[in-house]
Amino acid sequence: MDRRRALTTPDEQERAIHDYTPKDFVGVLRRPGLAVIAEMKQRTPSMGVLTEEYRPTDLARAYSDGGAAAISVLTHMAGFGGRPEHLAVARIATDLPILRKDFITDPYEIGEARAAGADAVLLIVAALPGAALRRLLAVVRSRGLSALVEVHTLDEANAAVDAGAPVIGVNHRDLRTFEVDLGLTEKLRPAIPDSVLMVSESGIRTVGDARRMREAGADAVLVGEMLMRAADPVACLRELASIK
């Protein structure tokens, strides 16, 4: 974090922020049918390397062609091989809303995301105890961005709702053990008001899995590994995006 602050001064960050008007991340998730947030990442802690040739520009174009509602870009280096620059180059290649996927705990990272061209950021309830979630949600709003607030338990879902999260992501993967429970969307759906958009995340490896999420009440799915491993990610995305 200190190194990144040294590379980009607050004045430089502010100039970049004023040069870009964020797109409506929440709005695209409200479209009819199942919205697909297509994720790009080079590797994961649980699955290892997903692709040796990681080209964010090409992926952003393919995801746009395939009918994604939005794009998620991993910018966390450890375990994922991501960098904030990946988001910046994806921004140039697509007009779709972009989510910065990272372990964000500092307001600086929200400004950094905005300056790179992000339209939304991920906030993980487990990493933001007490009033920290509310504080960062306020920063997100002040920057004109949207937030995808990620939960894994009922208590976290309740905390996200209480904090006023407009979009809640149910992460099927336990970040401590990496175990996946696709049933979490079904278990946590009753805790999430209809006025709040729900995104199902992690472990969605087939079109059947995505249909199951839709039937459970998900407004959107966030899919990464399935697309990164697909021989034809455009065709794969089109099939996912056709789910009503």
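Derivation of every value follows stated rules applied to the coordinates shown; laboratory data play no part. These numbers come from a predicted model, not from an experiment. Please note: Cβ atoms are built from the backbone with ideal geometry, for glycine as well, and neighbour counts cover all protein chains shown.
Some notes on this structure:
- Per-residue ellipticity at 222 nm computed for the chain from its helices equals -11000 deg cm²/dmol, with DSSP H segments shorter than 4 residues left out and the rest contributing -39,500 (n - 2.57).
- Residues whose amide H lies under 5 Å from that of I243, counting only those 5 or more places away or on a different chain, are L34; hydrogens are built 1.01 Å from N in the peptide plane.
- In this Cβ point-charge picture (+1 for Lys and Arg, -1 for Asp and Glu), the stretch 2-241 has a dipole of about 120 debye about its Cα centre.
- With each label modelled as a point 7 angstrom along the Cα→C-beta vector, the M77-R211 pair spans 4.4 nm.
- Unit charges at the beta carbon, dipole of the stretch 2-241: most positive-side option, I37, A235, A93: A93
- Residues whose amide H lies under 5 Å from that of I124, counting only those 5 or more places away or on a different chain, are I104, E150; hydrogens are built 1.01 Å from N in the peptide plane.
- Cut-off 15 Å, label 7 Å out along Cα→Cβ of R61, residues of the stretch 210-244 by amide N: 233-234
- If you take the Cα centroid of the stretch 181-233 and the Cα centroid of the stretch 89-137, the two points sit 21 Å apart.
- Neighbours of L133 by Cβ distance under 15 Å: Lys/Arg scored +1, Asp/Glu scored -1, total -3.
- Contact order, relative form, for the stretch 2-241: 22 percent (alpha carbon pairs under 8 Å, 6 or more residues apart, mean separation divided by residue count).
- On the basis of the beta-carbon distance and an R0 of 30 Å, E85 and R176 show a calculated FRET efficiency of 0.55.
- Taking Cβ atoms as reference points and 13 Å as the exclusive limit, the residues near G66 contribute a net charge of -3, counting Lys and Arg as +1 and Asp and Glu as -1.
- Of S195, S142, S46, the one that fluctuates the most in a GNM where the chain has Cα springs shorter than 10 Å: S195
- Partner lysines whose Cα lies under 22 Å from the Cα of K244, excluding those fewer than 8 positions away in the same chain, are identified as K187.
- Reachable aspartates and glutamates, given that their alpha-carbon falls under 16 Å from the alpha-carbon of K41 and they are not under 8 places away in the same chain: E52, E53, D58, E85, D102, E201, E225
- The phi torsions of the stretch 151-159, fed into the Karplus equation with coefficients 6.51, -1.76 and 1.60 and a -60° offset, translate into couplings of 10, 9, 10, 5, 4, 5, 4, 5, 5 Hz, rounded to whole numbers, with Gly and Pro shown as x.
- For the stretch 2-241, share of DSSP beta bridges that run antiparallel, in % to the nearest 5: 10 percent
- Maximal additional length on extending the R135-R238 stretch stands at 33.3 nm, based on 0.36 nm per residue less the C-alpha distance.
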